[in-house]
Amino acid sequence: MTLLVVGSAGQLGREMVRAASASRPVVGLSRVDLDVTDAGAVRVAIEAHRPSVVVNGSAWTDVDGCELEPERADLVNARAVGNLAEACTRVGAHLVQVSTDFVFDGTPGPDGVLAPYGEDHPTNPLNVYGASKLAGEEAAGAGATVARTTWLQPADSPGMVGRILAALEGDGPVELLGDRRACPTFIVDLVPVLLQLADERVPGVVHVVNEGVASWAEVGHLVAAEVGADLNRIVSVTETDLGPPRPARRPAYSALDNAALRRLGHPPLRHHRDAVADTVARLRG
């Protein structure tokens, strides 16, 4: 049951290789090892390793960069997924494609209520990045697992929690965005679910996020509370407070509901506040 991780040098790929190695043969291919935009190279690599499962951890996630170079975004985030899907079909491998909350526009539903998006909610990306990832979902094919997630935090580097900790060690206010909300999701919690979905060969879209909706300012309050810092040092700001508008629009609200996981009988991922506490303890360790 060999697992092939594409994009193995990225924050998701590194943890996927580490966690999966305890239970199965794992092959990791970084961007240097495999150019996923080269259909021929992808086909050769998949046929050489003949994996049971391929997890695509590669993507171009520079949201503003994608806005400025839409053709490159489409090549890396959409057409490359088609290359992987075609090669997986040839060897009977199951593809796990990781996608994003940016396929949604952040507006309330028909009833006017703003609530976490379920898998069946209509998509409407606001930017090129979201559109390219949505095209990648379609390119993965009906049999693939498409796992949407939000605001990923690394397992082996500081991430946002570490940046907040570092800021709190200094003096003065710590400005954090308070006008965008989603589900901070920790890769250490995401990866086991991806592996289970892969083993079960679950088809279709599945949302996989830590429980709880928050802004980065609210996460900042959690970090400050963990270390006994003055909560008033965390200052909630808006994106417009931070400077000129960026090229790409972001959804103000992009929380996801793990509805499909519940239907499948999977236990919920822990609340992000518990993951924040554990990350603070690890980083201060």
By its C-alpha gyration tensor, with a ≥ b ≥ c as the square roots of the eigenvalues, how is the chain shaped: rounded for a/c under 1.5, else prolate for a/b larger than b/c, else oblate? prolate
Compute the distance in nm between two label points, each set 7 Å from the Cα along the Cα-to-Cβ direction, one at residue 48 and one at residue 281. 4.3
Would you pull out the residues with amide H under 5 Å of residue 256's amide H, same chain only if 5 or more places away, H placed 1.01 Å from N? 117, 183
Karplus 3J(HN,Hα) series, Hz, for segment 65-80 with 6.51 cos²θ - 1.76 cosθ + 1.60 (x for Gly, Pro): x, 4, 4, 7, 10, x, 5, 5, 4, 5, 5, 7, 8, 10, 5, 5
Whose amide H sits under 5 Å from the amide H of residue 99, counting only residues 5 or more places off or on another chain, with H placed in the peptide plane? 147, 148, 149
Which of the trypsin sites (Lys or Arg not before Pro) across segment 1-105 are loop residues per DSSP, with 16 or fewer other Cβ within 10 Å? 31
Which one, 149, 231, 174, projects farthest toward the positive side of the charge dipole computed for the chain from Cβ point charges (K/R +1, D/E -1)? 149
Linear extension gain, residue 24 paired with residue 235, 0.36 nm per residue minus alpha-carbon span: 71.4 nm
If you find the alpha carbon centre of segment 54-130 and of segment 215-284, how far apart are they in angstrom? 21
One finds, for residue 1 and residue 142 with R0 = 22 angstrom and r their Cβ-Cβ distance, a FRET efficiency to the nearest 0.05 of 0.45
Over the chain, what relative contact order in percent results from Cα pairs under 8 Å that are six or more residues apart? 20
Taking the simple approach of a point 7 Å from Cα along Cα-to-Cβ for both residue 64 and residue 262, what is their distance in nm? 3.8
In nanometres, what is the gap between the two model label sites at residue 111 and residue 242, each 7 Å from Cα along Cα-to-Cβ? 3.3
Tell me, what ³J(HN,Hα) does each residue in segment 90-105 have, in order and in whole Hz, if you take phi through Karplus 6.51 cos²θ - 1.76 cosθ + 1.60 with θ = phi - 60° and put x for Gly and Pro? 4, 10, x, 8, 8, 9, 10, 10, 8, 10, 9, 5, 6, 6, 9, 9
Förster-model FRET efficiency, 22 Å R0, residue 274 and residue 9, C-beta, rounded to 0.05: 0.20
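Every number here is computed from the coordinates shown, using simple stated rules; none is lab data. No experiment lies behind these values; they were computed from the predicted model shown. Note that we place each Cβ from the backbone using ideal geometry, even for glycine, and neighbour counts take in every protein chain shown.
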